[in-house]
Amino acid sequence: MLLDHVHPKLNQAVTAIGGQYSFMKQGTLSYQGRPILYYVGYALLDTSCCGVGGVSFARVTGFVCDMAYKTNASGALVSRVEPITDKTTQKQIRKVLQDRESVYQVDF
């Protein structure tokens, strides 16, 4: 199944219930000859009732099928991606990104 992915703005804080998060970097990674689109970001938990904390993370959008093939009504780039649902593949990509980007959490 192919999905349209709207590229988020980098270095723009998004407010959430417990704090905020931001994507700092967009990157690609080749996995078995196929490009993967991912983002590296941070989350800052500073408005939570349970204390303050933070985490750096990576968000994998999927295998790139058509990079930046259009823009949406807001002018944001849109790419067509294939989500990565296979658990073994996710585990292998997670390890690569943890080593490459020094992040603990990798979401798909």
Taking region 69-108 and keeping only residues that are of a type in the set (Gly, Ala, Ser) and over 19 Å from Met24 (Cβ atoms), one is left with Ala73, Ser74, Gly75
Within region 81-97, of all residues that are polar (S, T, N, Q) and touching a residue at least 40 places away in the same chain (Cβ under 8 Å), the one farthest from Tyr42 (Cα to Cα) is Thr89
Among strands (runs of 3 or more DSSP E) entirely inside region 1-80, those with 1 or more residues being surrounded by fewer than 16 Cβ atoms within 10 Å (Cβ to Cβ) and free of Cβ contacts under 8 Å to residues at least 60 places away in the same chain are 14-16, 19-31, 34-45, 53-71
In region 81-92, anything surrounded by 12 or more Cβ atoms within 10 Å (Cβ to Cβ) and either touching a Pro at 6+ places or on another chain (Cβ under 8 Å) or of a type in the set (Asp, Glu) (or both) is listed as Glu82
**OP:** Inspect all residues belonging to region 43-61 and state whether any of them is among the aliphatic types (A, V, I, L, M), out of contact with any helix residue (DSSP H, G or I) (no Cβ under 8 Å at 6 or more places or on another chain) and at pLDDT 95 or above.
**Re:** no
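The values are calculated or read from the model by the stated rules, or taken from the named source; none is laboratory data. Since this is a predicted model, take the numbers as computed values, not measurements. Using ideal geometry, Cβ is built from the backbone for each residue, glycine included, and neighbour counts are taken over all protein chains shown.
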